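K.L.:
Before I ask anything, let me first share the structure, which is written out below as structure tokens.
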């Protein structure tokens, strides 16, 4: 990947490919907290609640070295890292930085597709400043972000969104990775399937049982076989294993819903256990909602019984749900409506829909319904 910017431009022009950058801030929430409070620099930091029902919303790289991850129960995180420092989330501060970052993006292109407060796709096939090289633009953007926010960002540069997103994670933190035309399939072949966007832990476990560990293993399977085992997710997997992604960068796409769900290792039936689990899901899903800057009017509770039958309850309100307290109260009311249950359940989830003013991306479908809660 040591080719010159000129080689990159000529290769893309010959193949008629897009120039896509994926920018992802490094440990964004935690990095903002460390920037604004010098006493936190160099320390393991978790953004989120430290109480028994608290959940880690974000972790600094110092905390990650101990195994602390987002969506992890706070008690587990504290057990892994006894010196972990918890700080409450400040979404107003994160949004302010996010606005600075997006202004930098739009200095180079109007084709910006935010995924959340801390990451976005950019199409710089025709950049505003006439620079021409996507690699050079990514370098400039990272420099500008550091200068204006005192934070670091990692970037991936490639000829489609799938590859750009994978590349942005390749050299984190504060890194840059370029996958040029003709390199995509070979790059993907060497990756573990867990690195494919949309493949969660359970999806990776299922693939392992089928003998699929890497992109190369996946590429050996034909589309018909993949459809038998992965349904609607098969087409995405087939293309991704070959480094193919035809999705354009959409600057005005509206997200239809934000949600998450959890499959339990053991079925749950008691009211107290269900309520405790609901509190975990409320914490995590509200974090997703804040990241997406989403406000919606319909809240849906989903339950899957031990016999795999699915039951859901929804509530639509007159005005958008704009704060966590209201979101939590409505979630609890929905659960209370269905108690006691006819059978133990194996899955619980919450989804907010009928959204207003949310930034979004066209995400690939997932092979299971685990999202990031597992």
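The values are calculated or read from the model by the stated rules, or taken from the named source; none is laboratory data. Quick caveat, the model's predicted, so the values are computed rather than measured. Don't worry about glycine lacking a Cβ; one is built from the backbone with ideal geometry, like all the others, and counts go over all protein chains shown.
K.L.:
What's the total number of residues in the stretch 99-124 that are crowded, with 16+ Cβ neighbours inside 10 Å and in contact (Cβ under 8 Å) with a residue 40 or more places away in the chain?
P.N.:
Going through the stretch 99-124 one residue at a time, the tally reaches 17.
K.L.:
Looking only at the stretch 60-85, count every residue that is under 12 Å from residue 29 (Cβ atoms) and either modelled with pLDDT under 95 or surrounded by fewer than 20 Cβ atoms within 10 Å (Cβ to Cβ) (or both) and tell me the total.
P.N.:
First pass over the stretch 60-85, keeping only residues under 12 Å from residue 29 (Cβ atoms): 60, 63, 70.
If we keep only those that are either modelled with pLDDT under 95 or surrounded by fewer than 20 Cβ atoms within 10 Å (Cβ to Cβ) (or both) as well, we get 70.
Here the count works out to 1.
K.L.:
Of the conditions (1) closer than 30 Å to residue 183 by Cβ; (2) crowded, with 17+ Cβ neighbours inside 10 Å; (3) in contact with a strand residue (DSSP E or B) (Cβ under 9 Å, 6 or more places away or on another chain), residue 288 satisfies every one except a single condition; which number is it?
P.N.:
Only one criterion in (1) closer than 30 Å to residue 183 by Cβ; (2) crowded, with 17+ Cβ neighbours inside 10 Å; (3) in contact with a strand residue (DSSP E or B) (Cβ under 9 Å, 6 or more places away or on another chain) is unmet by residue 288, namely (1).
K.L.:
Tell me which residues, restricted to the stretch 254-281, are in a helix (DSSP H, G or I) and out of contact with any helix residue (DSSP H, G or I) (no Cβ under 6 Å at 6 or more places or on another chain). Full working, then the answer.
P.N.:
Initially, the stretch 254-281 is screened for residues in a helix (DSSP H, G or I), giving 271-281.
Correct list: 271, 272, 273, 274, 275, 276, 277, 279, 280, 281.
K.L.:
Sticking with this structure for a sec: Condition check: surrounded by 17 or more Cβ atoms within 10 Å (Cβ to Cβ), under 30 Å from residue 179 (Cβ atoms) and in contact with a strand residue (DSSP E or B) (Cβ under 9 Å, 6 or more places away or on another chain). Does residue 241 satisfy that? Spell out the reasoning first.
P.N.:
Values: surrounded by 17 or more Cβ atoms within 10 Å (Cβ to Cβ): yes; under 30 Å from residue 179 (Cβ atoms): yes; in contact with a strand residue (DSSP E or B) (Cβ under 9 Å, 6 or more places away or on another chain): no.
Taking the combined requirement at face value, the residue does not satisfy it.
K.L.:
Residue check: is residue 284 out of contact with any helix residue (DSSP H, G or I) (no Cβ under 7 Å at 6 or more places or on another chain) and closer than 30 Å to residue 122 by Cα? Please lay out each step first, then the result.
P.N.:
On the way: out of contact with any helix residue (DSSP H, G or I) (no Cβ under 7 Å at 6 or more places or on another chain): yes; closer than 30 Å to residue 122 by Cα: yes.
Yes, satisfied.
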